[in-house]
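Below: one structure, written as structure tokens.
The values are calculated or read from the model by the stated rules, or taken from the named source; none is laboratory data. Given the structure is predicted, the values throughout are model-derived calculations rather than measurements. Heads up: the accessible areas ignore ligands, DNA and RNA and are worked out on the full protein's heavy atoms, side chains in. Shrake-Rupley method; radii C 1.70, N 1.55, O 1.52, S 1.80 Å.
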Amino acid sequence: MGGAVVDEGPTGVKAPDGGWGWAVLLGCFVITGFSYAFPKAVSVFFKELMREFGIGYSDTAWISSILLAMLYGTGPLCSVCVNRFGCRPVMLVGGLLASLGMVAASFCRSVIQLYLTTGVLTGLGLALNFQPSLIMLNRYFSKRRPMANGLAAAGSPVFLCALSPLGQLLQDQYGWRGGFLILGGLLLNCCVCAVLMRPLEAPGAGAEQGPQRPARRLLDLSVFKDRGFVIYAAAASVMVLGLFVPPVFVVSYAKDLGVPDARAAFLLTVLGFVDIFARPAAGFVTGLPKVRPYSVYLFSFAMFFNGITDLTGSTAGDYGGLVVFCIFFGISYGMVGALQFEVLMAVVGTPKFSSAIGLVLLLEAIAVLIGPPSGGKLLDATHVYQYVFILAGTQVLAASLVLVLGNYFCIGRRPAAATEVAKHHQPPENGRADSREVERFLKAEPEKNGEVAHTPETSV
């Protein structure tokens, strides 16, 4: 899942593509793990919460939805905070808020209080960590950026493998209240990751000696003039409607089939284990010189694969079928997770990425609030889990079509002048180019007055 920051670090400092960047990557790995795995891991406690508070599936699904909505939808707030205080202080405060939310949730006496603590407070804390960590990763890596994105994204499945069985163990030993309290303590590790986010500085020069960057707006709304960005944002918003639904309900689905709690929770571990290898692999493939210019098509295929997996997974009628579903879902989900931000970086370029990601996440927050609760409502009305998976798969497939058709639409209306310019910006014949040349090739036309024209390969 943030904020749209326009603070891009000191002018003229080249991304080190290593060095302290590996420590930043480690911090981003942990933050991504907590941010994306937590909303799914808390689903282990849903059955217990339903029994204690006398609520339905849709009521408990709102906990994950609010948590994700806060993670996605706090872009402008994070933008202001980061520009005023910097990435590291914002992340430190975010870690404290995330921990405080789970600790407070362990004392809740109603589901509304859970929405405010686990959903709003913990979600806000994770958001104040997630977005700045991505910005710092983008500053430290350029040429190795696809690989770095894939490795950082792998934090989600690694933590999902750990948090899901841990949550079940904590619930069995200490109840859901004790489990929430311990998970709140674990979230304090976000503060440790914040310390790793060391700002880049121009070597051997003070701030007053280097070139000064002109003042810029807190949030660059000019990205909406970019057709590629608009299509990407529309496709991503539709995708999010169904993307997070199966992981939220698969454990409850298994329990409903009579599967023991521990084995049901193990399904998320299977999903996460496959996801661990899928994300770095997708990042590595995307970073190949012949593949990177076509990353948008790979992203579209990943969404198509995920939607088909949901549709076929709806036919699972026993534990073995759900295991097979989780394997293929982990592959497709890992591909989507590794590619989504890399494709956005290729679409808008590094200068506008900080604003673009915040705006995209803000738009996706609306979809996140609709997705899992609508699946819960459908389940309450029909008591058939297959319908929930069919709905999710249809939504993700629709997003894939939006991306492909939107890309075709842009190609068909690409000005002839842009095609002529693109011919002069192909990669050198020896296949070697620095990070700036790669990024320029991805966009195929140099930036003119801050606006980007797109090639057929990266129209969206």
From the phi angles alone, apply the Karplus equation (6.51, -1.76, 1.60; θ = phi - 60°) to the range 391-408 and give each ³J(HN,Hα) in whole Hz, x where the residue is Gly or Pro. 4, 5, x, 5, 5, 5, 4, 4, 5, 4, 5, 4, 5, 5, 5, x, 5, 5
Diffing the range 126-135: the Karplus 3J(HN,Hα) column from phi (6.51, -1.76, 1.60, θ = phi - 60°), in whole Hz with x for Gly and Pro, holds 5, 5, 5, 9, 5, 5, x, 5, 5, 5
Scattering curve values for the range 336-380, log₁₀ I(q)/I(0), Debye with Cα scatterers, q = 0.20 Å⁻¹: -0.70
Solvent-accessible area per residue for the range 280-327 at a 1.4 Å probe radius, Å²? 43
Show me, for the range 326-334, the HN-Hα J-couplings you get by feeding each phi into the Karplus relation (A = 6.51, B = -1.76, C = 1.60, θ = phi - 60°), rounded to Hz, glycine and proline as x. 5, 5, 6, 5, x, 5, 5, 5, x
